[in-house]
Amino acid sequence: MSLYVRNIGTNMLCYGCQFFIPNRGIPLEAKIFIRFYRKGLRRKPIRVSSRENQDESPVAGSVNATSSLFLPPKQRKNINNGINVNLKNNVDRSGFNYSRNILSEEMNSKRHVKKAELADVPQYEKLQNNDPRFTTVMTLLKSRKKREKKERILLEGRRLISDAISADIHPESIFFSQEQNLREIPLNEVVNVQLFKVSYKQLSLWSDLTTSPGVMGVFKTPDLSQLSLLSECVLPVTVICDNVREPGNMGALLRCAAAAGCHRVILTKGCVDLWEPKVLRSACGAHFRVPILNNIYWEVLQNYFSEDAIIYLADNCNEHKIIPQAEKNKPQELENENIEKFVVVNDEGKQLKVDPSYKCQEVLEAYRNVSLPIQSYSDTLFSNCETVLIIGGETEGLSLKAFKLACERGGRKLVIPIENGVDSLNSSVAAAILLFEIKRQLALDQTREKQSI
């Protein structure tokens, strides 16, 4: 049984027990008991007892609470356990309401559905701080494994949510702290979305930003290969990301590909999670402005571009041998080796050719020392034909699978001259230089064609 005490002059006034103890003559055991509950001094008193009701028993039919202080510890524990049982059963025999279940039931019974004060904000529901719906959703979406299993993603900020809605990707629920955070979101284009208002403190706890924007949206994982783009494709270029594992580089690379107007971006197996918060922030909405294929295996990668496509490897190397023409180059030890290929059907019913040699490490090691033709990016003449540009990560660079694909398809390396002993460029910077060089040459060709007409 809790005992709350406050020092008033020379006396000790007790709360919740209906008795008054003079400051003098308190037994040592009672002092220890009072000191044990010193944290209760910061709480508000339930009731201040007077001398008139000092002799009344706080719990009828039980041992007096005052006398229980001076009993042996074992007997006092049994008495207190009996009192606690009565309190758990919500039995209020002393005139006090010790149970908080009534208040919580009343709060839960009320539906905190509020009508928005702003005219352009629809009706929403206000969640309490102890509501498990918000924490359960956040716990689920912060785990990549659970997020992929449930096929859900989390977008934070008004800009990302608005970009997703503009790309015809509708949210399932939106959590916000203030109604003003919803004004820039086109909610009139969304159907059947649940709006929940939570405290800004709760949003900040789950936010990945230093300062939370105050709004989060839960979406079903979209198929980015079937986006309703704002503009048509400008460059017939497919960008393949190979071992790009830095979230900031991946987001910036997607942003460059969207700005240049690429045909599509393919992320091979092993790249960073496409929906990681840092990737989303650095991409600035590029996820919804360029078609993206995620987690594509090298065994089936050849199905996503034609056999006549030109393969380029963005690789920084120390070789300076410039060869203008590329030829198919295959290791001699693999000339007579035949690996059977087969066809599988994916979930969409399309047939995909599978090349199992990309799983064989012995076959891949044979391509390690194969020299490919090398060209400077500024001296290369890009055409309007289908082009494949493979970008490697900064840490590991291009994989042996990328070299194998380039050798089999007559690909070549593109080199960006680097000075002052710098080893390499950022992956997104290298991609931006190459993509906009291709765009510049194609724009010049179109200008010349118009002038000739």
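The values are calculated or read from the model by the stated rules, or taken from the named source; none is laboratory data. For clarity, every value in this text was computed on a predicted model and none was experimentally measured. Cβ sites come from the backbone with ideal geometry, for glycine too, and all protein chains shown count toward neighbours.
Restricting attention to the stretch 344-355, does a residue exist that is modelled with pLDDT under 85 and either in a helix (DSSP H, G or I) or under 18 Å from Y312 (Cβ atoms) (or both)? Spell out the reasoning first.
So the first thing to find is which residues in the stretch 344-355 are modelled with pLDDT under 85, and the list is 344-352.
If we keep only those that are either in a helix (DSSP H, G or I) or under 18 Å from Y312 (Cβ atoms) (or both) as well, we get none.
So far as the stretch 344-355 goes, no, none of its residues is modelled with pLDDT under 85 and either in a helix (DSSP H, G or I) or under 18 Å from Y312 (Cβ atoms) (or both).
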(message) Tell me whether the stretch 114-128 contains one or more residues that are under 22 Å from S212 (Cβ atoms), modelled with pLDDT of 85 or more and surrounded by fewer than 12 Cβ atoms within 10 Å (Cβ to Cβ).
(response) no
(request) Give the residues of the stretch 440-453 that are hydrophobic (A, V, I, L, M, F, W, C) and free of Cβ contacts under 8 Å to residues at least 60 places away in the same chain, sorted by residue number. (result) A443, L444, I453
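Name the single residue, out of those in the stretch 251-288 being of a type in the set (V, I, T) and more than 15 Å from C233 (Cβ to Cβ), that is nearest to the chain's Cα centre (by Cα).
Here is the first cut: in the stretch 251-288, the ones of a type in the set (V, I, T) are 265-266, 268, 272, 279.
This time we only want the ones that are more than 15 Å from C233 (Cβ to Cβ), so: 268, 272, 279.
Values: T268: 20, V272: 12, V279: 9 Å.
Within the stretch 251-288, the match that is nearest to the chain's Cα centre (by Cα) is V279.
Against the condition closer than 30 Å to Q446 by Cα, surrounded by fewer than 12 Cβ atoms within 10 Å (Cβ to Cβ) and of a type outside the set (F, W, Y), how does D379 come out, does it pass? Give the steps one after another, and end with the answer.
Working: closer than 30 Å to Q446 by Cα: yes; surrounded by fewer than 12 Cβ atoms within 10 Å (Cβ to Cβ): yes; of a type outside the set (F, W, Y): yes.
Spelling it out, D379 is indeed closer than 30 Å to Q446 by Cα, surrounded by fewer than 12 Cβ atoms within 10 Å (Cβ to Cβ) and of a type outside the set (F, W, Y).
Among the residues of the stretch 137-182, count how many are β-branched (V, I, T) and more than 14 Å from the chain's Cα centre (by Cα). Before you say what the answer is, go through the steps one by one.
Filtering the stretch 137-182 for residues β-branched (V, I, T) gives 137, 139, 153, 161, 165, 169, 174.
Okay, now just the ones that are also more than 14 Å from the chain's Cα centre (by Cα), so 165, 169, 174.
Going through the stretch 137-182 one residue at a time, the tally reaches 3.
Inspect all residues belonging to the stretch 421-439 and state whether any of them is exposed (fewer than 13 other Cβ atoms within 10 Å of the Cβ) and either free of Cβ contacts under 8 Å to residues at least 60 places away in the same chain or among the small types (G, A, S) (or both). It would help to see each step written out before you state the result.
Step one: list which residues in the stretch 421-439 are exposed (fewer than 13 other Cβ atoms within 10 Å of the Cβ), which gives 421-423.
Among the residues that remain, those that are also either free of Cβ contacts under 8 Å to residues at least 60 places away in the same chain or among the small types (G, A, S) (or both) are: 421-422.
Yes, some residue in the stretch 421-439 is exposed (fewer than 13 other Cβ atoms within 10 Å of the Cβ) and either free of Cβ contacts under 8 Å to residues at least 60 places away in the same chain or among the small types (G, A, S) (or both).
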(message) Take the residues in the stretch 164-186 that are in contact (Cβ under 8 Å) with a residue 60 or more places away in the chain and surrounded by 19 or more Cβ atoms within 10 Å (Cβ to Cβ); name whichever of them is nearest to R281 (Cα to Cα).
(response) A164
(request) Determine if the stretch 163-173 includes at least one residue that is of a type in the set (G, A, S), in a helix (DSSP H, G or I) and modelled with pLDDT of 90 or more. (result) yes
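Scan the stretch 444-453 and give yes if some residue there is out of contact with any strand residue (DSSP E or B) (no Cβ under 8 Å at 6 or more places or on another chain), more than 17 Å from N384 (Cα to Cα) and of a type in the set (S, T, N, Q), otherwise no. Break it down stepwise before answering.
Pass one, the stretch 444-453, residues out of contact with any strand residue (DSSP E or B) (no Cβ under 8 Å at 6 or more places or on another chain): 444-453.
Right, trim to more than 17 Å from N384 (Cα to Cα) and you get 451-453.
Then keep just the ones that are of a type in the set (S, T, N, Q); that gives 451-452.
Within the stretch 444-453 (the criterion being out of contact with any strand residue (DSSP E or B) (no Cβ under 8 Å at 6 or more places or on another chain), more than 17 Å from N384 (Cα to Cα) and of a type in the set (S, T, N, Q)), the answer is yes, since at least one residue qualifies.
Would you confirm, using the coordinates I've provided, whether T395 is under 38 Å from the mean Cα position of the chain (by Cα) and among the polar types (S, T, N, Q)? Break it down stepwise before answering.
Values: under 38 Å from the mean Cα position of the chain (by Cα): yes; among the polar types (S, T, N, Q): yes.
Yes, satisfied.
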(message) Condition first: outside any helix (DSSP H, G or I), among the hydrophobic types (A, V, I, L, M, F, W, C) and buried (at least 18 other Cβ atoms within 10 Å of the Cβ). Now tell me which residues in the stretch 356-367 satisfy that.
(response) A366
(message) Filter the stretch 368-386 down to the residues that are part of a strand (DSSP E or B) and more than 11 Å from L313 (Cα to Cα) and list them by number.
(response) S376
(request) Give the residue, chosen from A252, A283, A258, that is assigned by TED's automatic domain parsing to the domain that holds D445, under 23 Å from S306 (Cα atoms) and among the small types (G, A, S). (result) A258
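Which of the residues belonging to the stretch 382-392 are small (G, A, S) and either touching a Ser or Thr at 6+ places or on another chain (Cβ under 6 Å) or surrounded by fewer than 18 Cβ atoms within 10 Å (Cβ to Cβ) (or both)?
The one that is small (G, A, S) and either touching a Ser or Thr at 6+ places or on another chain (Cβ under 6 Å) or surrounded by fewer than 18 Cβ atoms within 10 Å (Cβ to Cβ) (or both): S383.
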(request) Please name all residue pairs, on different chains or six or more residues apart, with Cβ atoms under 7 Å, provided the first residue is in the stretch 390-409 and is of a type in the set (D, E, K, R) and the second residue is in a loop (DSSP other than H, G, I, E, B) and crowded, with 17+ Cβ neighbours inside 10 Å. (result) E394/E246; E396/N243; K404/Y367
